[in-house]
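Here is the structure we will look at.
The values are calculated or read from the model by the stated rules, or taken from the named source; none is laboratory data. This structure is a prediction, so every number in the text was calculated from the model and none was measured. Because the Cβ atoms are built from the backbone with ideal geometry, glycine has one as well, and the counts that use them run over all protein chains shown. Note: areas computed on protein heavy atoms with side chains; ligands, DNA, RNA excluded. Shrake-Rupley method; radii C 1.70, N 1.55, O 1.52, S 1.80 Å.
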Amino acid sequence: MIVTPTSIPDVLIIEPRVFGDDRGFFFESFNQQRFDEAISRRVHFVQDNHSRSNRNVLRGLHYQLPPHPQGKLVRCVQGEVFDVAVDLRRNSSTFGKWVGTLLSAENKRQLWIPEGFAHGFQVVSETAEFLYKTTDFWHPELERSLRWNDPELAIAWPLAEQPILATKDAQAPLLANAEF
Ligand SMILES: Cc1cn([C@H]2C[C@H](O)[C@@H](COP(=O)(O)OP(=O)(O)O[C@H]3O[C@H](C)C(=O)[C@H](O)[C@H]3O)O2)c(=O)[nH]c1=O
C-alpha cells in the first residue's frame, strides 16, 4: 500500500495494492501490521460504521470530546465523496486547518484521521456508501458538531448548492464558539 501524508502530516492518504484479474479485483482493506507501520503506532479499532447518503448530503463536521476522541479510517465503497478533516488539536501548528480528498469506489483511497480532528464529507455522486473504523466507541454525550461552512475554516466543498444537512449540522457552532 502507498501511504501519502497530506498538508496536515498526521492525516494520511492510504492507497491499497489492488489485485485485478478477469474475475474482478481483490485488495486488503485493512491489515493491522501494515497500518501500525504506516502510522508508527499501535492502533486498536473497536467499531465499524457504514452509512449511505444521496447526492449533496453533507455529514459533519463531527468529533468526540476527550476522554473518548475517535481516530477514523474512512473509505467510500460505492460512489464518491469529498472527505474533510479539520485539525482541532489545541497545540497543533495546523490548528483550524483542513485537508480534503476525493474518496471513491473507483480510487479505493482511504483517509486516516487521527484523534483530535473533526470529520465530514459531501457526496458528489448520485449515492455513496461510506465505511469507517473508529478507535473508540460512540459516546453521544461527548459528540460535537462544527459548522460546515464556517468562514474561518473556508472549506472548499465541491458542490455549490446548499447541502442536505442534519439539523444538528445546520445549527452547529462556528470554530470560535466550539467546545473541544
Ligand atoms: C455516529 C453513530 C451514530 N449512531 C446513531 C445515532 C443516530 O440515531 C444515527 C445517525 O447518526 P448521525 O446522524 O450522527 O450519523 P452521521 O451524521 O453519519 O454521523 C457520522 O458522521 C461523520 C461523517 C462522522 O465522522 C461521525 O463518525 C459520525 O458522527 O446513528 C450510532 O448508533 N452509532 C454511532 O457511532
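Brief remarks on what is shown
- Tally, over the range 1-49, of residues that are in a strand (DSSP E or B), closer than 19 Å to Glu115 by Cα and not charged (D, E, K, R): 8
- Residue among Ala160, Ala178 that alone is surrounded by 16 or more Cβ atoms within 10 Å (Cβ to Cβ), modelled with pLDDT under 95 and either farther than 29 Å from Phe19 by Cα or of a type outside the set (S, T, N, Q) (or both): Ala178
- Of the numbered criteria (1) within 19 Å of Val57 (Cβ to Cβ); (2) surrounded by fewer than 17 Cβ atoms within 10 Å (Cβ to Cβ); (3) of a type in the set (A, V, I, L, M), the one Leu111 fails is (2).
- Only one entry of Gly120, Gly116 meets the criterion of being closer than 25 Å to Glu80 by Cβ and under 16 Å from the mean Cα position of the chain (by Cα), and that entry is Gly120.
- Residue check for Phe95: of a type in the set (A, V, I, L, M, F, W, C), in contact (Cβ under 8 Å) with a residue 40 or more places away in the chain and open to solvent by 10 Å² or more (accessible area, probe 1.4 Å): no
- No other residue among Asn49, Asn54 is open to solvent by less than 70 Å² (accessible area, probe 1.4 Å) and at pLDDT 95 or above apart from Asn49.
- Selection within the range 97-128 - of a type outside the set (A, V, I, L, M) and within 18 Å of Glu143 (Cα to Cα): Pro114, Glu115, Gly116, Phe117, His119, Gly120, Phe121
- Listed conditions (1) assigned to a strand (DSSP E or B); (2) closer than 22 Å to Lys168 by Cα; (3) open to solvent by 10 Å² or more (accessible area, probe 1.4 Å) are all met by His68, apart from (1).
- Among residues of the range 165-180 that are at negative phi, those with a beta-carbon under 6 Å from a residue that is surrounded by 14 or more Cβ atoms within 10 Å (Cβ to Cβ) and of a type in the set (Asp, Glu) at least six positions away or on a different chain give the pairs Leu174/Asp150; Leu175/Asp150.
- Odd one out for Ser40, checked against (1) hydroxyl-bearing (Ser, Thr, Tyr); (2) over 21 Å from Ile155 (Cβ atoms); (3) at pLDDT 95 or above: (3)
- Total residues in the range 132-142, condition open to solvent by less than 60 Å² (accessible area, probe 1.4 Å) and either within 11 Å of the ligand (Cβ to nearest atom) or in a helix (DSSP H, G or I) (or both): 6
- Scan the range 68-92 for residues that are more than 21 Å from Ser53 (Cα to Cα), touching a residue at least 24 places away in the same chain (Cβ under 8 Å) and more than 14 Å from the chain's Cα centre (by Cα) and the total you get is 4.
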